[in-house]
Amino acid sequence: MSEKDANPSAKDALVGGTLFGRWEKLRGREGTVVGITAILVAVFPYLFARAPVVSGFLQGYQSLATLILIWGIFAIGFDLLLGYTGLLSFGHAAFWGGAAYAAGIVAKNVSGDPIVMVVSGTLFAVLLAWVLGFLSLRRGGIYFSILTLAFAQMFYYMAASPLAFLTNGENGLTGVEVGSFLGVIHLEADVPSIGGMLLGTWLYAFVGVFFVGAVAVAYRILNSPYGMVFRAIRENEQRAEFVGLNVWRYKLMAFIISGGFAGVAGSLFTIHGAYVPLQSLFWTESGDIVVMTVLGGAGSMFGPVLGVGLYLYIENIVSTIQALTIPFTGIVLVRDFGFYWHLLLGVVFVAVVWVVPDGLWGILNRLRELAVDLGSKAAKRLRARSENGGGGQ
Amino acid sequence: MTLLETENLVKEFGGLVATDDVNLTVEEDERVSIIGPNGAGKSTLINLITRRLDPTSGDIRFKGESIVGLEPHQVVQRGVSKSFQTASIFPDLTVRENAEIAALAAERGAFGFEFLRHRDSLTDVHGVARDTLDSVGLLDRADTIATDLPYGDKRRLEIGIALASEPDLLLMDEPTAGMSPEETKSTVDLIERVKRDHGLTFVLVEHDMEIVFSISDRIVVLSRGGIIAEGTPDEIRGNEAVQEAYLGGVEL
């Protein structure tokens, strides 16, 4: 055991001098995390949709980049509940779709200001999460999941018919007119000059700010007492209760917070599409967010965002591939390849969960550890060589 | 001062009377052991006091106030802490975090809204956690993931979590169950040191008679849910009813 304790400090001493070691120290700081997120958000649409070669290979497009960030916010919040608190909600479509409808209805009847839309959608989702959490968290485990599913489906059917005068029923909420940001900036317009090259549209910039904000807030929550309590509840709920924590209220807070993230994302979804499909309340949306989170790596901060990226990429781009050919030849492997995107996604999902249960993020982590190992070995060798050299003179 | 008292406490499971009209008092600074044959109702009694189970009738008072009707975490907040029979820890968290969770509950209450406050600023919580780990001898393992500890250390951590809740009364449910003789000895040393350093009142449920007789001020003997004898270790040692019920007449 003592060997294991001595190990990290020895490794620190070894790595400490190198650039990599300095990076390892900075890596955990809040400012670093948020700053790097902001940079990645800024270059992402360029690499994805406009950069020479890369974007040609990826075949990405601007609107999908925006959509990935929106679902990313949803997934970060969902993972606070699933990955950190250990609660599997199967009804988060209620908060995503509910916020989307709330934002759309406010836009149609009150104000199309994008800020007003996000605030009202989020507020609606938070209140709804409070009520549904209050009712669903009465039961644990699978019963909790089923209760959330049942409540969410209830909202789907309500939106489909009894509330059709508000929601426009099966057709979805059409005719949502999103106003300009602060009354001057049209979100569909391109950002001027270099900003336009990187970010593309103002809409992406608008969503990007919320995404970076979501990362900052989630990261802070995980480093607050809540982060610790959430993980304690996941690990051993009974013990958490018996150290004197009100487990029930903390679980409710986890549920409300994740509902709030879903609310921000859902409202942005309405702004993005200027339309709310009835589908957004359907249980498959709840399932999608579970799959995305687990695929990316539940219980990690950025893993779920990777899961979102891969999922939406397969759904929107791989699904358009007509025929899978061997590169640089005309030999067709699979005709109508895109048609099987669900199958492909399923295979990828099973493979990831089977081989690396901690998801795409787990793969990255393992690669990082490998790099640290190789780096420290190289540093050791370099030092040994320079010491030998010094001894010679 | 009387810290804990139960009054005509009864717990029935269907037709089975697991706790039969128990009147137990624990004074401040007292070390009380509860012994009894398997099925005597020792664990049931502990579970009633920690509010894991609802009593069928009777009352439980802590510091003079009834705690029947409180939630388990509220009982802990009043000052009753429990160490579990198994190593009930938070396995994937570090040893330090394990202690900090209990210290958080003790220092900051059962619930708070500080979800945007960085936990590095909670110096009081860090202090309590550090002191506790020091007193159970796990401070040098603070950054180890709890599940990587050997079994004996896990049990020490378990006791540490209970201590970090800063209890006035500590209930220990078989703290040496499943331990090797060396681990048992170091745990007994730990309990004696804690008793000396913290002046803690505790109630111990234990099978190992050597431990019970060496560290108790008073022993309560349960059989079939009821108290059949109580007194100092010497009084219990010579009590015929106890020998009859507990060991079938074997010399203690």
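The values are calculated or read from the model by the stated rules, or taken from the named source; none is laboratory data. As the structure is a prediction and not an experimental result, all values here were calculated from the model. Note that each Cβ is placed from the backbone with ideal geometry, even for glycine, and that neighbours are counted across all protein chains shown.
Things worth noting here:
- Index of the failed condition, A:L182 passing every other in (1) at negative phi; (2) among the aliphatic types (A, V, I, L, M); (3) out of contact with any Leu (no Cβ under 9 Å at 6 or more places or on another chain): (1)
- Subset of region B:62-79 [among the basic types (K, R) and either over 13 Å from B:T25 (Cβ atoms) or at pLDDT 95 or above (or both)]: B:R78
- Under the condition of being among the polar types (S, T, N, Q), crowded, with 24+ Cβ neighbours inside 10 Å and part of a helix (DSSP H, G or I), the residues counted in region A:76-124 number 1.
- Top-ranked residue of region A:244-283 - restricted to ones that are more than 11 Å from chain B (Cβ to nearest Cβ) and of a type in the set (S, T, N, Q), ranked as surrounded by the most Cβ atoms within 10 Å (Cβ to Cβ): A:S267
- The single condition from (1) at the interface with chain A (Cβ under 7 Å from one of its Cβ atoms); (2) in contact with a Leu (Cβ under 9 Å, 6 or more places away or on another chain); (3) among the polar types (S, T, N, Q) that B:S88 fails is (2).
- Which listed residue is assigned by TED's automatic domain parsing to the domain that holds B:T232, in contact with an Asp or Glu (Cβ under 8 Å, 6 or more places away or on another chain) and of a type in the set (S, T, N, Q), from B:N47, B:N8: B:N8
- Yes/no for B:Q74 being within 14 Å of chain A (Cβ to nearest Cβ), touching a residue at least 40 places away in the same chain (Cβ under 8 Å) and surrounded by fewer than 20 Cβ atoms within 10 Å (Cβ to Cβ): no
- Of all residues in region B:104-116, those being out of contact with any Asp or Glu (no Cβ under 8 Å at 6 or more places or on another chain) and touching a residue at least 24 places away in the same chain (Cβ under 8 Å) number 3.
- Residue count for region B:1-50, restricted to those that are touching a Gly at 6+ places or on another chain (Cβ under 7 Å) and part of a strand (DSSP E or B): 11
- Within the set B:K82, B:K42, the sole residue that is crowded, with 19+ Cβ neighbours inside 10 Å, in contact with a Ser or Thr (Cβ under 8 Å, 6 or more places away or on another chain) and either among the basic types (K, R) or facing chain A (nearest Cβ under 9 Å) (or both) turns out to be B:K82.
- A:S280 being in contact (Cβ under 8 Å) with a residue 60 or more places away in the chain, in a helix (DSSP H, G or I) and under 27 Å from A:L364 (Cβ atoms): no
- Lone unmet requirement of (1) closer than 30 Å to B:N47 by Cβ; (2) touching a helix residue (DSSP H, G or I) at 6+ places or on another chain (Cβ under 7 Å); (3) at pLDDT below 95 for A:Q238: (2)
- Options A:G362, A:G346: the member that is of a type in the set (G, A, S), in a helix (DSSP H, G or I) and within 15 Å of A:V318 (Cβ to Cβ): A:G346
- Condition check for B:K154 on (1) farther than 18 Å from A:E235 by Cβ; (2) away from every other protein chain (no Cβ under 11 Å); (3) surrounded by fewer than 23 Cβ atoms within 10 Å (Cβ to Cβ); (4) at pLDDT 90 or above: one failure, at (1).
- The residue of region A:194-226 that is farthest from B:A105 (Cα to Cα), among those that are part of a helix (DSSP H, G or I) and at the interface with chain B (Cβ under 7 Å from one of its Cβ atoms), is A:R220.
- Single unsatisfied condition, B:S33 versus (1) within 14 Å of another protein chain (Cβ to nearest Cβ); (2) modelled with pLDDT of 90 or more; (3) under 27 Å from B:D131 (Cα atoms): (1)
- Residues in region B:91-142 that are of a type in the set (S, T, N, Q), buried (at least 19 other Cβ atoms within 10 Å of the Cβ) and within 10 Å of another protein chain (Cβ to nearest Cβ): B:N98 only.
- Restricting region A:145-184 to residues that are under 30 Å from A:L47 (Cβ atoms) and exposed (fewer than 15 other Cβ atoms within 10 Å of the Cβ), the residue that is nearest to the chain's Cα centre (by Cα) is A:L182.
- Residues in region A:61-75 that are surrounded by fewer than 24 Cβ atoms within 10 Å (Cβ to Cβ) and among the small types (G, A, S): A:S63 only.
- Subset of region B:168-199 (residues that are touching a residue at least 40 places away in the same chain (Cβ under 8 Å), outside any strand (DSSP E or B) and hydrophobic (A, V, I, L, M, F, W, C)): B:A177, B:L190, B:V194
- Entry remark, region B:68-83: residues being assigned to a loop (DSSP other than H, G, I, E, B) and under 17 Å from B:A105 (Cβ atoms) number 3 in total.
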